[in-house]
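So the structure is just underneath, and the comments pick up after that.
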Amino acid sequence: MFMDKMDGSGELVEDLTGDSLALRGFRSYLIGQIKKHAEGAEDSIFCKSGNSLQVKEGITFILYSNSSPMGDCRVVPKEGPKEGFKSRKQGLLPVNEEELGKIRFFRTDKRFGSSESCFTSLASFLHCIPSPSDKLGMRQICGVQGSLLSGILEPIFISRHIVNRSFNEASLQRALYDRFKDVAVPEGFQLPPAPTLTHTLWRGTFGTPPCIPWGVIWALDQNMELLHTPTGKRLVDWEGIVPPEVPEEKLGVSSYATKSLFSALLETCKKHKMTCEETYSAQKTADTLYRKMKNAVIAFAKDSELGEWPVKPVQPDF
């Protein structure tokens, strides 16, 4: 989604790449598991750890990506013409040595918004969302629970990344872990081990066009939704739709949008007398270990000349 579409309402899903939708779905799942724990359900993945919750021993999390995340995960050192051509055929981007590890931004098609078929640029000339490689690299170091849940949960990390197409182990290792691993870790935070990287070869029984204006999101015990990528809203009614036109009245707020997720968390916390800030902005900027760690990574990236983490022109607050 482009900057001129961001309104700060928290009702739009602004990043519709598969990796970002997976993280949104996962956070929705975590909120459901927090609720289960608060209600005393034995099958919750959480147990008490001081004033917060932690994942029970023996439970790990795996992220499957149909292709390497856009951005630094797909970047390789530039070599000769033949090697460069081969890299491009494999879905990789050959660059000069000094561009390896850089924070990158979407370069998207105006018809579809975010598209996984597009490479990313070092300049945020179209909009200010960092690439999936950068988001996942940040989460791999700081925790995939994000700032939304960091006041309630101990850090949660992906232990294994399984990647299908465009797999390059050196690029994935650098993008998801190595480029940030030398950050100065705040007191009380423990840097996670590097994730395991696994290449798999799998083909679906049918294919889809490389650029389509739809995304699918779901989570365990939650509804599956079809999201319209140009608007960041969910489709609520198929009847009468003649693609590519989608009338506004056929669209609604996704239950995976930031405002919806925060509302679900706030409702659970109030019902079960758990600590949670009253507004999203207060929850997001609270002085948690996650926030300290993220600030440290942002400063490290800038000082290491990897680039500056972007700031959205409109910050949600509700």
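Determine which member of the set G232, G252, G307 is open to solvent by less than 90 Å² (accessible area, probe 1.4 Å), out of contact with any Leu (no Cβ under 6 Å at 6 or more places or on another chain) and at positive phi.
G307
Got a sec? Which of A264, A299 is more than 21 Å from M224 (Cβ to Cβ) and not in a loop (DSSP other than H, G, I, E, B)?
A299
What helices (runs of 4 or more DSSP H) lie completely within region 130-197 and have 1 or more residues being under 30 Å from E278 (Cβ atoms)?
132-142, 146-149
Among the residues of region 46-70, how many are among the polar types (S, T, N, Q) and under 19 Å from R203 (Cα atoms)?
The total comes to 4.
Taking region 236-249, which residues are in a loop (DSSP other than H, G, I, E, B) and either surrounded by fewer than 17 Cβ atoms within 10 Å (Cβ to Cβ) or polar (S, T, N, Q) (or both)?
Listed by number, the residues that qualify are V236, D237, W238, E239, G240, I241, P243, P244, P247.
Just give me the residues in region 34-44 being open to solvent by 10 Å² or more (accessible area, probe 1.4 Å) and under 17 Å from L148 (Cβ atoms), in sequence order.
Passing the criteria: K35, H37, A38.
Take the residues in region 123-179 that are aromatic (F, W, Y) and more than 17 Å from the chain's Cα centre (by Cα), then tell me which one is farthest from I103 (Cα to Cα).
Per the criteria, the residue is F167.
Please find, within region 276-296, the residue that is farthest from R174 (Cα to Cα) out of those that are open to solvent by 70 Å² or more (accessible area, probe 1.4 Å) and not in a helix (DSSP H, G or I).
Within region 276-296, the match that is farthest from R174 (Cα to Cα) is E278.
The values are calculated or read from the model by the stated rules, or taken from the named source; none is laboratory data. Here the structure is a predicted model, which means the values were calculated and not measured. Don't worry about glycine lacking a Cβ; one is built from the backbone with ideal geometry, like all the others, and counts go over all protein chains shown. The accessibility values were calculated without ligands, DNA or RNA, using every heavy atom of the protein model including side chains. Shrake-Rupley method; radii C 1.70, N 1.55, O 1.52, S 1.80 Å.
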